[in-house]
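Quick one: the structure is below, and I'll ask about it shortly.
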Amino acid sequence: MATSTYDVIIVGAGLAGLVCADHLAHSGKSVAVIYEHEAQHTASGYAQGGIAAAWYPHDSIQAHSHDTEAAGAGLCVPDVVQFFCERGPRFLDYLIQLSVPFITNQTGYALTQEGAHSCPRIFHVNDHTGASIMDTIQRRLQKYPNITWIQDKVIGLQQSRQTGRMGGVSTMHHTIWSPAVVLATGGFSHCFTKSTNPSSWGAYGLALAAASGAALGDLEFIQFHPTVYCLDGFPPLLLSESLRGEGAFLVNQTNDRFMQRYHPLGDLAPRDVVARAIANEEGVRLDITPLRPHFSERFPTIWNGLKARGVWNEWRIPVSPVAHYTMGGIVARPNGVTTVPGLFAIGESAVTGYHGANRLASNSLLEAGVMGYELAHYLHQIPPLESITEYNPIRVSPLHPKDDRWFRLWMDRVMGVLRSKSDLTEGIRALSGHGQAQHSIFQLGVLIMRSALNRCESRGGHYRLDMPQQQAQAYHSLVTREGGIHHVPNWNDALAGFDSPLGNLHPKRG
């Protein structure tokens, strides 16, 4: 098996990983970027809507922060929200300098509005923003001779027996050493039978992190995008929230515009509210008639997707909620530092407290880019790698295709938009009794279900039919290496008992 050594290993080739690689390579570090599937098939590349940032005088950092916290259902960490929203304009300026072709009009950037935003603040490239950003950054990174691209499957991490420090990864064909291992593997929404994301190893990345001792958190909060068109024989087609931001609206089988009955913001309510409303109605369709005159030009990705499915001339599209984004993940600071020395997590694979219980639309690409930048600067001073004889492989068993299908069906049944104690209990029993329950994706599934069972309330992306009320006291769910799930008021308190280099987990205001 081939071996090699780099200053930094980045597992994953989405926006968070590539922004981090760009800034590291620019500073002279040697970087290995490991990806399993084609580099263009990432959740970042699939993003239609855009990136939120307070750019113009009609907006403000405070307004963006307020909207983020309101959508987060009381579980956002205010200092973290302020941190990301303050850095939004700087990250947009970085993308503009890279020549990402954001749409403009006579007065400047043509910002659009999405659900739960109080004003237009979404930078976009029609409905293929993520793909345009990723294409731009991928071209930029080709100029760096100190970035090595490795298309391979990660099967394990290398962890020191003496100190617990991470020191490398194992792939199917390589052992790659580094004092800094970055997990930018995305979220775990692909654990469901249907997802708006491409096939990813997000769940595998989280399972590896958990096996190495990293703390996980808030795994019960899963965002289902409310407006997805599903047709047998085709992958789910996401119908961007920008459609509703620019005039489209939801109707049920009696043509009732029902959303006003569920939330004052109507069709632009937070995603968790819209998803539950659709699950509660019959025959829901998205009426895009108001956008008809310019639909194919403004939303070419969606237009072509509808044409491929034979419904391009339909103006009321059947929609249903589909797994889209996971708010929980590996507990990390906004600069990616986790509870395991030498192991870092950025983007959707991390939970920082930015999104709370429900992510505000178009905040995901912002978080990914800011975390990639912050981690790259944190890693300017990298400690030397210890002797490799001190390291042991940490591995998680892969799933047989039949087991994988069985697992996803259980996730559909137990962890969907609407949950209950009886279903969660049954799901935990089924997965725990499986032969591969230890050190596998099944174990992660058990932790996700147990997190949902232990949260005896409904909040954001977690709704219990048997406990529909939201508790007055907000708390996070902390998952420890031993599988214990604890309720903690904030991540700083949660990590106080860990032997960790974190110090204060989150940045101060200012």
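Could you give the angle, 0 to 90 degrees to the nearest 10, between helix 271-280's Cα long axis and the longest principal axis of the Cα atoms of the chain?
60
Also, I was wondering about something else. In nm, to one decimal, how far is the modelled label at SER296 from the one at ASN105, with both set 7 Å along Cα→Cβ?
Here the modelled spin labels are 2.3 nm apart.
Using a simple charge model, +1 on the beta-carbon of Lys and Arg, -1 on the beta-carbon of Asp and Glu, nothing else, what dipole does the chain show about its Cα centre, in debye to the nearest 20?
With Lys and Arg at +1 and Asp and Glu at -1, about 320 debye.
What value does the stretch 217-335 have for Rg/Rh, both radii from Cα atoms and Rh as Kirkwood defines it?
With Rg and the Kirkwood Rh in hand, the quotient comes to 1.01.
Excluding residues on the same chain fewer than 8 positions from LYS421, give the lysines whose Cα lies under 27 Å from its Cα.
LYS194, LYS402
Could you give the C-alpha radius of gyration of the stretch 1-58 expressed as a fraction of 2.2 N^0.38 Å, taking N as the number of residues it contains?
Computed over Cα atoms of the stretch 1-58, the ratio equals 1.48.
Could you give the size of the charge dipole of the stretch 418-474 about its Cα centre, using +1 on the Cβ of each K and R and -1 on the Cβ of each D and E, expressed in debye and rounded to the nearest 20?
Around 80 debye, computed over the stretch 418-474.
Answer rounded, prolate or oblate for the stretch 13-105, using the Cα gyration tensor with square roots of eigenvalues a ≥ b ≥ c: rounded when a/c is under 1.5, else prolate when a/b is larger than b/c, else oblate.
prolate
By the scheme Lys and Arg +1, Asp and Glu -1, what is the net charge of all other residues having a beta-carbon under 12 Å from that of PRO235?
+1
Between HIS66 and HIS380, what length in nm is gained on full extension when 0.36 nm per residue of separation is reduced by their alpha carbon distance?
109.7 nm
Can you give me the angle between helix 364-378 and the longest principal axis of the chain, using Cα atoms only, in degrees from 0 to 90, rounded to the nearest 10?
20
Please work out the Cα center distance from the stretch 124-141 to the stretch 245-323, rounded to the nearest Å.
With the stretch 124-141 and the stretch 245-323 each reduced to a Cα centre, they are spaced 25 Å.
Sticking with this structure for a sec: Can you give me the Cα centroid spacing of the stretch 348-388 and the stretch 105-119 in angstrom?
26
Taking Rh as the Kirkwood radius, which is the inverse of the mean 1/r over Cα pairs, what is the Rg/Rh value for the stretch 321-421?
1.06
Relative to the compact globular guide of 2.2 N^0.38 Å, what is the alpha carbon radius of gyration of the stretch 386-445, as a ratio?
It is 1.46.
Compute the normalised compactness of the stretch 302-344: alpha-carbon radius of gyration over 2.2 N^0.38 Å, N being the residue count.
Dividing the Cα radius of gyration by 2.2 N^0.38 Å gives 2.17.
Taking a ≥ b ≥ c as the square roots of the Cα gyration tensor eigenvalues, with a/c under 1.5 meaning rounded and otherwise prolate when a/b beats b/c, else oblate, which class fits the stretch 355-477?
oblate
Of the peptides 78-88, 247-257, 13-23, how do they stack up when ordered by the mean number of other Cβ atoms within 10 Å, highest first?
My ranking of the peptides, most packed first, is 13-23, 78-88, 247-257.
Given the -39500 (n - 2.57) contribution per DSSP H run of 4+ residues, what per-residue ellipticity at 222 nm results for the chain, rounded to the nearest 500 deg cm²/dmol?
Helix contribution divided over all residues of the chain: -9500 deg cm²/dmol.
Here's a follow-up. For the stretch 274-432, with only Lys/Arg (+1) and Asp/Glu (-1) charged at the beta-carbon, what is the dipole magnitude about the Cα centre, in debye rounded to 20?
500
Hey, another quick one. Please check which bits of the stretch 403-419 a label hung off CYS230 would reach, taking the label as a point 7 Å along Cα-to-C-beta and the cut-off as backbone N under 17 Å.
Within reach of a label on CYS230: 405-419.
Excluding same-chain residues fewer than 8 positions from LYS143, which lysines have a Cα within less than 19 Å of its Cα?
Answer for LYS143, where 19 Å is the Cα cut-off: LYS29, listed by chain and number.
What does the charge count around ASN126 come to, taking other residues whose C-beta lies under 9 Å from its C-beta (Lys +1, Arg +1, Asp -1, Glu -1)?
Charge balance in the 9 Å sphere: -1.
For the chain, what is one quarter of the convex hull surface built on the Cα atoms, given in nm²?
Reported value for the Cα convex hull: 22.7 nm².
Moving to a separate point now. To the nearest 10 degrees, how steeply does helix 202-211 sit against the main Cα axis of the chain, on a 0 to 90 scale?
So the helix axis and the longest Cα principal axis differ by about 40 degrees.
Going by average Cβ neighbours within 10 Å, how do the peptides 293-301, 215-223 rank, with the highest at the top?
Sorting 293-301, 215-223 by mean packing, highest first, produces 215-223, 293-301.
When every alpha-carbon pair in the stretch 112-252 is counted, what percent end up more than 25 Å apart?
Tail fraction, whole percent: 50.
Every number here is computed from the coordinates shown, using simple stated rules; none is lab data. None of the values given here were measured: they were computed from a predicted structure. Using ideal geometry, Cβ is built from the backbone for each residue, glycine included, and neighbour counts are taken over all protein chains shown.
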